[in-house]
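Trainee: To start, I am sharing the structure in question, which I have written as structure tokens.
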Amino acid sequence: MKELNIVLYEPEIPQNTGNIMRTCVATNTKLHLIKPLGFKIDEKSLIRSGVNYIKEVELLVYDNYEDFLMKNQGVMYYLTRYGKNIIHECDFGDLEENIFFIIGKESTGIPKEILEVNYDKCIRLPMTNKTRALNISNVAAIMVYEALRQRKFHNLEFEEPENMKGSAYLKDRRNQ
């Protein structure tokens, strides 16, 4: 099976990246960061949201967008409020495809020059006209879980693992 990947283009806010790290660990998704970053990649910088997961996440860092493109092959999807494709119309179900969800920096998104040459792979998440965009950690989670849904949540747990509280946790609590 090929992989799902989240790509953060020049992320600025460490808490967002930390939240995305947690999502990536929970879903066996690779995380790619394209420099420049608005923070250092260390436990201190990511302490509030990702510190417990920083050692578990499969993380790759690139000097720039061109470096990322040279080192990766697969289908690239660009998340932008300007996209014309809608999530439910996209097919992420092919287990033989590497899929990359590229999410822009919090302040300005993905540069227009990149979006224009990838217009047919730009996705917009439907929302009201009362906000410009969702938080990037929400976008990452929505995209990964839609792709996983289409892939029938391949290799994910459907019950609470026994090494945590276990699948009988609620049942046991009810009988006390």
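Trainee: Run down Asn118, Asn85 and say which single residue is modelled with pLDDT of 95 or more, farther than 28 Å from Pro161 by Cα and of a type in the set (S, T, N, Q). Break it down into steps so the answer makes sense when it comes.
Mentor: Working: Asn85 fails: modelled with pLDDT of 95 or more.
From the options Asn118, Asn85, the qualifying one is Asn118.
Trainee: Right, here's the next one. Take region 139-167 and flag every residue that is in contact with a Gly (Cβ under 9 Å, 6 or more places away or on another chain) and either of a type in the set (A, V, I, L, M, F, W, C) or at positive phi (or both).
Mentor: The answer is Ala147, Lys152.
Trainee: Based on this model, can you work out whether Pro11 counts as in a loop (DSSP other than H, G, I, E, B), at pLDDT 95 or above and surrounded by 20 or more Cβ atoms within 10 Å (Cβ to Cβ)?
Mentor: Against the criterion (in a loop (DSSP other than H, G, I, E, B), at pLDDT 95 or above and surrounded by 20 or more Cβ atoms within 10 Å (Cβ to Cβ)), Pro11 qualifies.
Trainee: Return yes when Lys55 is basic (Lys, Arg), within 23 Å of Arg151 (Cβ to Cβ) and over 15 Å from the mean Cα position of the chain (by Cα) and no when it is not.
Mentor: For Lys55, the condition - basic (Lys, Arg), within 23 Å of Arg151 (Cβ to Cβ) and over 15 Å from the mean Cα position of the chain (by Cα) - is not met.
Trainee: Just give me the residues in region 127-155 being exposed (fewer than 12 other Cβ atoms within 10 Å of the Cβ) and either aliphatic (A, V, I, L, M) or over 20 Å from Cys90 (Cα atoms) (or both), in sequence order.
Mentor: Across region 127-155, the qualifying residues are Met127, Thr128, Asn129, Lys130, Thr131, Arg132, Asn155.
Trainee: Just the residues that are at pLDDT below 95 and either surrounded by fewer than 13 Cβ atoms within 10 Å (Cβ to Cβ) or among the small types (Gly, Ala, Ser) (or both), please, taken from region 55-82.
Mentor: Lys55
Trainee: Might you let me know whether region 21-38 holds any residue that is modelled with pLDDT under 90 and either part of a loop (DSSP other than H, G, I, E, B) or more than 23 Å from Cys122 (Cα to Cα) (or both)? Show your work before the answer.
Mentor: We begin by selecting, within region 21-38, every residue modelled with pLDDT under 90; these are none.
The answer is no; no qualifying residue exists.
Trainee: On to the next question. Which residues, taken from region 87-135, are farther than 20 Å from Pro11 by Cα, assigned to a loop (DSSP other than H, G, I, E, B) and charged (D, E, K, R)?
Mentor: Passing the criteria: Asp91, Asp94, Glu96, Glu97, Lys130.
Trainee: Please find, among Ile99, Ile123, the residue that is buried (at least 16 other Cβ atoms within 10 Å of the Cβ), farther than 21 Å from Asn28 by Cα, of a type in the set (Val, Ile, Thr) and touching a residue at least 12 places away in the same chain (Cβ under 8 Å).
Mentor: Ile123
The values are calculated or read from the model by the stated rules, or taken from the named source; none is laboratory data. Computed from a predicted model, the values in this text were never measured in an experiment. Don't worry about glycine lacking a Cβ; one is built from the backbone with ideal geometry, like all the others, and counts go over all protein chains shown.
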